[in-house]
Amino acid sequence: MVHRVSSVLNRDVTSLGKQNLFDPNPETCWNSEQGTPQHILVEFAPCVRIHSVCVQFQGGFAGKDTRLIDMDRKEEICALFPDDNNKVQVLELPKNEQGVARRRIKLQFATSTDFYGRIVVYSLDFKGSVADDVELPAKTTNDSCASDAVITIV
């Protein structure tokens with residue numbers, strides 16, 4: 001899995017970088033620079049069918065006006081409505097979107113609960129399944145999306 005973020009506070013990628021999104025340490029986080037919008041881009045290999053997004057923000061630094069975007073199809077999957085708190089939140093995708101195979105998705109935060117537009121994420125996870133023998137749109141460079149495992153990205 002490959003992931004990118006829009007920015008890192010003070011360019012401190014060692015302490016506040018994207019690697020902290022998926023590590024098991026509850027003390028580490030990704031902290032964006034100020035300004036909007038901010039985003040997290042995730043590329044899966046193999047393709048997956050996402051049922052829900054699990055995210056833990058720092059209260060006061062949560063994403064607002066959050067959109068989940070399919071980057072291969074260049075279309076919005078759905079709007080997500082996280083709360084401004086410190087709890088792990090499970091944000092379900094609409095039923096009609098849960099069966100769609102995806103390779104690259106973007107969580108886009110158009111605004112933040114922080115006055116300066118900073119986002120702080122302690123953990124990010126996706127619940128779903130690996131997509132078997134899926135053919136993606138022509139714009140993608142991924143040739144193979146076959147596997148029989150279930151995904152949980154921690």
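The values are calculated or read from the model by the stated rules, or taken from the named source; none is laboratory data. If you're wondering where the values come from, they're calculated on a predicted model, not measured in any experiment. Every residue, glycine among them, receives a Cβ derived from its backbone with ideal geometry; neighbour counts consider all protein chains shown.
Here the strands (runs of 3 or more DSSP E) wholly within segment 58-154 that include at least 2 residues being hydrophobic (A, V, I, L, M, F, W, C) and either under 13 Å from Ile40 (Cβ atoms) or at pLDDT below 95 (or both) are 63-70, 101-112, 120-130.
The residue that is nearest to Asn96 (Cα to Cα), among those in segment 16-57 that are touching a Cys at 6+ places or on another chain (Cβ under 9 Å) and assigned to a helix (DSSP H, G or I), is Leu21.
In the set Thr28, Thr36, which member is touching a helix residue (DSSP H, G or I) at 6+ places or on another chain (Cβ under 6 Å), touching a residue at least 24 places away in the same chain (Cβ under 8 Å), among the hydroxyl-bearing types (Ser, Thr, Tyr) and more than 19 Å from Arg104 (Cβ to Cβ)? Steps first, please.
Details: Thr36 fails: touching a helix residue (DSSP H, G or I) at 6+ places or on another chain (Cβ under 6 Å).
Every option except Thr28 fails the conditions.
When each of Gln19, Gln38 is tested for being surrounded by 21 or more Cβ atoms within 10 Å (Cβ to Cβ) and polar (S, T, N, Q), the lone residue that passes is Gln38.
Hey, could you check segment 53-76 for residues that are small (Gly, Ala, Ser) and surrounded by fewer than 16 Cβ atoms within 10 Å (Cβ to Cβ) and say which is nearest to Thr28 (Cα to Cα)?
Taking segment 53-76 as the starting set, the residues that turn out to be small (Gly, Ala, Ser) are 59-60, 62-63.
Retained after the next criterion (residues that are surrounded by fewer than 16 Cβ atoms within 10 Å (Cβ to Cβ)): 59-60.
Working: Gly59: 15, Gly60: 17 Å.
The extreme case among them is Gly59.
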